[in-house]
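Trainee: Got a structure for you, questions after.
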Amino acid sequence: MPEQTTQDLLASNGNRRILITSALPYANGPIHIGHMLEYVQTDIWSRFQKLVGNECYYVCADDTHGTPIMLSAQKQNITSEELIAKSHIDHQKDFGAFGIAFDNFHSTHSEENKFYTETIYNRLLENGHIARRTINQLFDPEKQMFLPDRFVKGECPKCGSADQYGDNCDVCSATYSPVELKNPKSAVSGATPVLKDSEHFFVKLQDFEAMLKQWLKTGVSQQMANKLNEWLDVGLQEWDISRDAPYFGYQIPNEPNKFFYVWLDAPIGYMASFKNLCDKTAGLEFDDFWNKDSKAELYHFIGKDIINFHCLFWPACLTAANYRTPSKVFAHGFLTVNGTKMSKSKGTFIKAATYLEYLNPEYLRYYFAAKLSSKIDDFDLNLEDFVQRVNSDLVNKYVNIASRCAKLVQKSGGVMHAEIDHPSLLKEFQNEAKQVETHYENRDYGKASKLIMSLADKANTYIDEKAPWKLAKDEATADEALKVCSMGINLFRILSIYLKPVLPSLVTNVENFLNASPLTWSDIQSPLLSHQLNKFIPLMKRVDIKQVEAMVASSVEAAAQISKTTKKNNAEKSTKIESIKPEIQFEDFDKIDLRLAKIISAEHVEGADKLLQLKLDIGEGEKQVFAGIKSAYAPEDLVGKLTVMVANLAPRKMRFGLSEGMVLAAGPGKKDLWLLSPDDGAQPGMRVK
RNA sequence: GGCAAGGUAGCUCAGCUGGUUAGAGCACAUCACUCAUAAUGAUGGGGUCGGUGGUUCAACUCCACUCCUUGCUACCA
């Protein structure tokens, strides 16, 4: 396992020089809680490194280039620069509110980034790693631009589903090239794209195969290596790094109308942001961190979707350009909410700004921390669990310790006792520091939280056993009561240090209460004796499930507004897109026996994603049909309904049984599907003519 | 379709290189306590570890097959 150097690294605490990054948020949209998982994960690590005394810099930037940003700006009638400037402000606001303490948050649309992008490109070119090749791509004749896959829509070449993107089909999950789409349309203008030649520039990744295989041995976890070996096994292909004008990005030097693909300059944004930080910070040298022989540590935190960019293209480019490679790339899974993908219609697509309207950001920081591990597994935000976890761990266990001790200490003027009541218990708390460190270092925050909470349990049990409230009632034992409560506060103080990377703002309030300078890791070993405390004010309120519900409701509302318009657009688009089939004769039509059918029963099919099993009455007997309408209709809403079916279609054996016909429905698919039904009075079995 | 990760108590998760009655937190129940933001403490009920078949003296842990979930599948970002 490549993680094994951890203990060595811990041994050198205080001497390490570390540069860490989170993936750059795309400047074309707001930050949502899925993004936040990564920034919180990275921020905790960064704060931890600083807390234990390492030299650590956490940089990030907005990812500002590419076709989507260009088009989005056009749509809003503003320049791309104006769009990304707006995003920059919004993003920083969200990050600030969630306590993400970047040392620098820059932009890929910056002098520094242009410089390093050109430098890396030039070095790739000089070393013979750039190839030129003419490729054939779809081109929008109206907009006069080449179309990325995502901006071409049409019918799936495999299953014929309408309204599919140019790279893969949502319905049958086939993958293909946009050229294969039937009836392709430009999603930008609606025009029919034409094929056009264009010369593109490629990085010859094959040149780096040996280097990458070597790097993967130390740079990623076993889990990630498995995934990456897929690409290595099928053989690395040339990576297309150019795009034709019009494109919002940097022009390739000496190549008019050719621009760098956004994914080339995005990771370079890490360098640019750090360079920008160096220019503002006396004594901080860019080369110390990025030179080939740098002894500093460099870590990238990313989501699992962009592993290939960070673990193949990026190390290759760095090596080719004579820079150092990352020490490690840490990938995390995706955020699901209540077990499924974030969904706008369910209200679980929650923007950071929406969350902030209803809830304390440190709740989420803690919940993330409580469940995060170093693994690449997806992370489920279960909203009920979230409420319980935060209330129980943070308020009922941890904060409660201070809360139950504070008043009794206050009685004696707020001055803590001169002695430790239970030295061995204190020792036990102190001795866990190494273990907590290891967990943080390994990004096993879940294990750290568990350990910290088990200590909190011990503190509560200790207080219960000593029952200081009883001791306080008797003059003779009042001193002992103070001693116990002071002990409780000291235990609480240690827990606060352990939790500080996760809950920076809460712990700031703790520091105020303790009347102490900012807590550091070394404070663990020196308890407070005869120390004057400040008045205790409640440190954290419980989460109310109602707040969570309100947040979800408001997310649903926001999404409904958007989907109303897109739904309309989609409907219009799909009627436009689907062209009329070639003319047929009446005899052809007459072969099709359409009958009115009454839905007798409708049931979910176990194991089927899209199918409902329908029993239909067509006058003379029953027919069983498996219909792909689960996404749009609930079975209970269908029973008793009249609809139209193709009654003489050859039965087809499906995985779940025999389907003896088809019911008729229209629409692009998913939720947008409408079953045909006759007006009142019609009877099952009547032929449709 | 190919590949990856996951499928362990009601919920969220631990279970390393196979070994006594499968663990924790929350939730639930009972009792205790009343200092604390109705918090805390003690005790207890509850799972045979997605399924099938193997390997083994012994499997949640290894192998094969299978089902389910999520994700990736490079000129999308």
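The values are calculated or read from the model by the stated rules, or taken from the named source; none is laboratory data. In this text the structure is predicted, and so the values were computed from the model without any measurement. All Cβ positions, glycine included, derive from the backbone under ideal geometry; neighbour counts span all protein chains shown.
Trainee: Regarding the stretch A:249-262, can at least one residue be identified that is closer than 23 Å to A:Q41 by Cβ, surrounded by 14 or more Cβ atoms within 10 Å (Cβ to Cβ) and within 16 Å of RNA strand B (Cβ to nearest atom)?
Mentor: Within the stretch A:249-262, not a single residue is closer than 23 Å to A:Q41 by Cβ, surrounded by 14 or more Cβ atoms within 10 Å (Cβ to Cβ) and within 16 Å of RNA strand B (Cβ to nearest atom).
Trainee: At pLDDT below 70 and surrounded by 12 or more Cβ atoms within 10 Å (Cβ to Cβ): is that true of A:L638 in this structure?
Mentor: Considered against the rule, which asks whether it is at pLDDT below 70 and surrounded by 12 or more Cβ atoms within 10 Å (Cβ to Cβ), A:L638 comes out as no.
Trainee: If a residue has to be in contact (Cβ under 8 Å) with a residue 12 or more places away in the chain, more than 16 Å from RNA strand B (Cβ to nearest atom) and surrounded by fewer than 17 Cβ atoms within 10 Å (Cβ to Cβ) to count, how many in the stretch A:523-553 make the cut?
Mentor: Residues meeting the conditions: 6.
Residues checked against (1) within 9 Å of RNA strand B (Cβ to nearest atom); (2) within 30 Å of A:A321 (Cα to Cα); (3) not charged (D, E, K, R):
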residue: A:N122; (1), (2), (3): no, yes, yes
residue: A:F146; (1), (2), (3): yes, yes, yes
residue: A:R150; (1), (2), (3): yes, no, no
residue: A:G154; (1), (2), (3): no, no, yes
residue: A:G160; (1), (2), (3): no, no, yes
residue: A:N168; (1), (2), (3): yes, no, yes
residue: A:L181; (1), (2), (3): no, no, yes
residue: A:P193; (1), (2), (3): no, no, yes
residue: A:F201; (1), (2), (3): no, yes, yes
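Trainee: What tally of residues in the stretch A:394-418 results from selecting those that are surrounded by 20 or more Cβ atoms within 10 Å (Cβ to Cβ) and within 34 Å of the chain's Cα centre (by Cα)?
Mentor: The total comes to 3.
Trainee: Next question. Which of the following residues is more than 10 Å from RNA strand B (Cβ to nearest atom) and in a helix (DSSP H, G or I): A:S392, A:S424, A:S454?
Mentor: A:S424
Trainee: How about the stretch A:73-83: which of its residues are more than 17 Å from A:D244 (Cβ to Cβ) and buried (at least 19 other Cβ atoms within 10 Å of the Cβ)?
Mentor: Passing the criteria: A:A73, A:L83.
Trainee: Filter the stretch A:317-346 down to the residues that are within 19 Å of A:S554 (Cβ to Cβ) and touching a strand residue (DSSP E or B) at 6+ places or on another chain (Cβ under 9 Å) and list them by number.
Mentor: Matches in the stretch A:317-346: A:L335, A:V337, A:N338, A:M342, A:S343, A:K346.
Trainee: Identify, please: which residue in the stretch A:303-357 is small (G, A, S) and at positive phi and is, among those, surrounded by the most Cβ atoms within 10 Å (Cβ to Cβ)?
Mentor: That would be A:G347.
Trainee: Here's something else I'd like to know. It is to be established whether one or more residues within the stretch A:218-226 are surrounded by 14 or more Cβ atoms within 10 Å (Cβ to Cβ) and within 30 Å of A:G160 (Cα to Cα).
Mentor: No; the residues of the stretch A:218-226 include none that is surrounded by 14 or more Cβ atoms within 10 Å (Cβ to Cβ) and within 30 Å of A:G160 (Cα to Cα).
Trainee: Please indicate, with yes or no, whether at least one residue in the stretch A:289-299 is away from RNA strand B (no atom under 11 Å from the Cβ), of a type outside the set (K, R), farther than 22 Å from A:V40 by Cα and in a helix (DSSP H, G or I).
Mentor: Yes, that holds for at least one residue.
Trainee: Report those helices (runs of 4 or more DSSP H) wholly inside the stretch A:11-105 carrying at least 1 residues which are at pLDDT 95 or above.
Mentor: A:33-51, A:80-97
Trainee: Residue by residue through the stretch A:354-377, note down the ones that are β-branched (V, I, T) and in a helix (DSSP H, G or I).
Mentor: A:T354
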